[in-house]
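Chemist: This is the structure I want to talk about, given as structure tokens.
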Amino acid sequence: MSWMDGVPLWDHHCHALIGPSLAGDMEVFAYALTEAPRSYPLSDIQETVTYWQALTIAAKELGCEIDDQGVAEALRQRDFGAYSRSLFQQAGYQRLLIDTGFTPQGGWALPELETVLGVPILKILRLETTAQELLYQFADVRDWILAVKDRVKNARSQGYVGMKSIVAYRSGLEVYPVKTIDAQAAFAEMKKQGQTRLTDPRLLNYLLWEVTPVFISEALPLQFHTGHGDPDTNLYKGNPLLLREFLETFIPQGLRVTLLHTYPYHREAGYLASVYPHVYFDVSLALPLAASGAKRIVAEALELAPASRMLFASDSHTRPESFYLAATLWKQGLEAYCDHITQDHHILPQVAERWVNLIAWENCRRVYQL
């Protein structure tokens with residue numbers, strides 16, 4: 001047993017789990033371990049390190065053979081809530097900050113999930129999906145923005161502790177100011193075409209630029225999806241370096257930004273965290289999906305960034321095995337990093353241990369004011 005096993009984890013970016021009705025569905029199990037669409041061959045997912053590690057975790061907990069059929073049958077017979085709670089407790093999870101913009105089909109409601117897992121849950125509000133819900137209530141883009149601002153101002157009273165932007169999925173991370181007249185033209189055009197999904201770069205950038213001052217006044221950290229993600233994202237446009245103009249405008253005003261996922265731009269994210277105040281990042285999604293590279297990814301992410309700027313996150317969803325695997329890989333990666341810096345760079349063990357706790361939970365508590 002490693003000393004890392006006793007480190008508590010506050011997961012600042014994750015999603016909800018499925019409910020018991022889908023516990024033994026091994027297709028759901030597999031697709032929770034990839035960002036590929038359902039059109040991607042299941043047989044290929046089953047030939048990945050991540051899949052086999054998750055299968056092994058399940059089999060070990062269930063006491064069955066490490067194969068699809070054995071795990072599926074054992075899951076159907078086991079209390080899925082108790083099974084999930086056991087994996088979360090073994091992994092050391094003590095807080096979950098859940099992005100409510102994605103909920104797996106057949107999933108637990110958050111109050112129920114909190115009871116099932118025995119872990120306090122806090123919520124993150126997605127900006128673009130919130131704005132979409134209000135779009136057709138107004139004829140003027142300025143009234144629409146005011147309504148979004150009001151929703152953000154009430155976020156904390158509804159249990160939200162931060163905001164998330166998925167502008168990287170929609171138009172990319174090169175966020176820039178847009179004139180109201182141009183935003184109004186895009187607003188009218190979108191409604192004329194009957195679109196319900198917010199995709200026009202003019203509207204997306206206008207929204208983010210106009211509403212960000214409210215994030216600052218309400219002390220709500222802003223998460224950005226960056227890097228690897230769902231297949232509809234343009235990975236090239238998900239490079240966090242593209243956020244430079246936005247960061248240089250709003251960071252001096254007091255905005256706190258957390259860069260999510262970041263892989264394969266985790267080094268770039270570490271650079272941004274090393275030169276801009278109030279910029280934080282994680283390597284979620286890479287751990288667990290890039291499982292065999294976990295130790296390298298953690299070490300590369302921390303080449304430039306202070307330990308006070310990195311947060312633990314899993315970006316896991318649907319299956320408890322993914323959460324367990326993310327935590328295990330992160331702890332292994334960070335333990336290897338600590339061994340390296342104490343042996344080769346003469347960092348005192350107590351300093352390395354303090355850095356681990358910063359990343360594992362203390363930075364999360366400070367950034368989100370928990």
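Chemist: Per residue, how much accessible area does region 288-346 show when a 1.4 Å probe rolls over the protein heavy atoms, in square angstrom? Present the calculation step by step, with values, prior to reporting the outcome.
Modeler: On the way: 2030 Å² over 59 residues.
Per residue, region 288-346 has 34 Å² of solvent-accessible surface.
Chemist: To continue, here is another question. Measure nothing but the geometry: give the 0 to 90° angle between the long axis through the Cα atoms of 49-62 and the longest principal axis through the Cα atoms of the chain, rounded to 10°.
Modeler: 60
Chemist: In whole angstrom, note down how far apart the Cα centers of region 313-370 and region 259-292 are.
Modeler: Comparing the Cα centres of region 313-370 and region 259-292, I get a distance of 13 Å.
Chemist: Counting heavy atoms of the protein chains only and a 1.4 Å probe, report the per residue accessible area for region 207-276 as a whole number of Å². Before the final figure, lay out each step's value.
Modeler: On the way: 2560 Å² over 70 residues.
That works out to 37 Å² for each residue.
Chemist: Run down the lysines and flag those whose C-alpha is under 23 Å from the C-alpha of residue 192, throwing out any fewer than 8 positions away in its chain.
Modeler: 179
Chemist: Related question: If one computes the Cα centroid of region 25-66 and of region 125-140, what distance in Å separates the two points?
Modeler: 36
Chemist: Another question, then. Using the structure shown, list the pairs from 60/331; 149/191; 164/295; 60/164 with a Cα-Cα distance above 30 Å, or answer none. It would help to have the intermediate numbers written out before the result.
Modeler: Working: 60/331 19 Å; 149/191 20 Å; 164/295 27 Å; 60/164 35 Å.
In this structure, 60/164 lie more than 30 Å apart at Cα.
Chemist: Magnitude of the Cβ-charge dipole of region 234-370, K/R +1 and D/E -1, about the Cα centre, nearest 20 debye? Could the numbers behind the result be given before it?
Modeler: Values: 12 positive and 13 negative charges, 50 e Å.
For region 234-370, the charge dipole is close to 240 debye.
Chemist: If you don't mind, there's one more thing I want to ask. Quick one: with all protein chains in place, what share of the accessible area of the chain is carbon or sulfur, to the nearest percent (1.4 Å probe)?
Modeler: Values: 7660 of 15430 Å².
With neighbouring chains kept in place, the figure for the chain is 50 percent.
Chemist: Determine the order of 321, 133 by accessible area, beginning with the largest, at a probe radius of 1.4 Å. Please list the in-between numbers first.
Modeler: Working: 321 0, 133 120 Å².
Largest accessible area first, the list is 133, 321.
Chemist: Between the helical axis of 141-153 and the dominant principal axis of the chain, each derived from Cα atoms, what acute angle in degrees is found, rounded to the nearest 10?
Modeler: It works out to around 40 degrees.
Chemist: Mind checking the dipole of the chain: about its Cα centre, +1 per Lys or Arg Cβ, -1 per Asp or Glu Cβ, Debye to the nearest 20? Provide the component values of the computation, followed by the final result.
Modeler: Working: 32 positive and 42 negative charges, 221 e Å.
Roughly 1060 debye for the chain.
Chemist: On to the next question. For the residue pair residue 42 and residue 153, what label-to-label distance in nm results when each label sits 7 Å from Cα along the Cα-to-beta-carbon direction?
Modeler: 5.1
The values are calculated or read from the model by the stated rules, or taken from the named source; none is laboratory data. What you see is a predicted model, and the numbers here were worked out from it, not measured in a lab. Methodologically, a virtual Cβ is constructed for each residue, glycine included, from the backbone with ideal geometry; neighbour enumeration extends over all protein chains shown. Protein only, heavy atoms only, side chains kept; ligands, DNA and RNA dropped before computing areas. Shrake-Rupley method; radii C 1.70, N 1.55, O 1.52, S 1.80 Å.
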